[in-house]
Each structure stands twice: as structure tokens, then as C-alpha cells.
1. Within segment 57-80, work out how many residues are under 15 Å from L31 (Cα atoms) and either modelled with pLDDT under 85 or exposed (fewer than 15 other Cβ atoms within 10 Å of the Cβ) (or both).
2. With respect to the numbered conditions (1) outside any helix (DSSP H, G or I); (2) surrounded by fewer than 16 Cβ atoms within 10 Å (Cβ to Cβ); (3) at pLDDT 90 or above, which one is the sole condition not fulfilled by E30?
3. Report, ordered by the first and then the second residue, all pairs with beta carbons closer than 9 Å, sequence separation of six or more or different chains, a first member in segment 33-55 that is free of Cβ contacts under 8 Å to residues at least 40 places away in the same chain and hydrophobic (A, V, I, L, M, F, W, C), and a second member that is surrounded by 12 or more Cβ atoms within 10 Å (Cβ to Cβ) and in a helix (DSSP H, G or I).
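The values are calculated or read from the model by the stated rules, or taken from the named source; none is laboratory data. In this text, all values refer to a predicted model and were calculated from it rather than measured experimentally. With ideal geometry, Cβ positions are generated from the backbone for all residues, glycine too; neighbour counts draw on all protein chains shown.
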Amino acid sequence: MKATRIAGRPCNKKDPTRPNLRQLHLVQSELIEELNATGFDVRPGDLGENITTGQIDLPALPQGTLLRLGHTAIVEITGLRTPCFKIERFRKGLEARLPSTGKQARRH
């Protein structure tokens, strides 16, 4: 997730003209359920996600989609995330079971 500066909000302290770059990793609870059904022991947060969603087809969302999280947070889908090699260290065989089209989001 890449944070976009909003008037009156903090920005990158080293260079105030640049946004503070942050990432959110979103993972569908349905993916976790599917992995568990195929023999992996995966719980929310295990895949490095900051947010676990439900009933949202994240891979189908186009870039630019805005998602409201709670009452005040809005994130924008800005790109795809490919699973990292560390996933394989976490659970052998898991990397091959993950879609290579995870999403990154930008806060508004």
C-alpha cells in the first residue's frame, strides 16, 4: 500500500514532497479456508497480510478500486503482489498453491 498525503496529515518526514510509502497486504479468508481444506495449517496473518477480507473477490478487482475499511479508512487497489520465497519456508508447497495476483493497496 502506498499512502497518499492528505491535507493536514503527516507525510514522509525525510522529504515532505513525497508520500509516505506503506503497503497493505489483503488476503481473502476464502483463500485461507481453501488452503486449510487442502492440508495446510494457515491462519489469518500467517501469509503476512495486514487485513483478511471476506466475500470480496480481491483478484477480480481492477486497479483503482476503492475499498472502505471500517468507518474512516479507504484504500485503493494499486497493484499486484506475487508471493515471496519466504512463503515456502513457512509451509513447504504453499507457494505453488497461492495465486500470483495478490493485491497492494493505497490509503486515501
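1. Restricting attention to segment 57-80, the residues satisfying the condition of being under 15 Å from L31 (Cα atoms) are 57-60.
Keeping just the survivors that are either modelled with pLDDT under 85 or exposed (fewer than 15 other Cβ atoms within 10 Å of the Cβ) (or both) gives 57, 59-60.
Qualifying residue count, segment 57-80: 3.
2. It is condition (1) that E30 fails.
3. So the pair list comes out empty.
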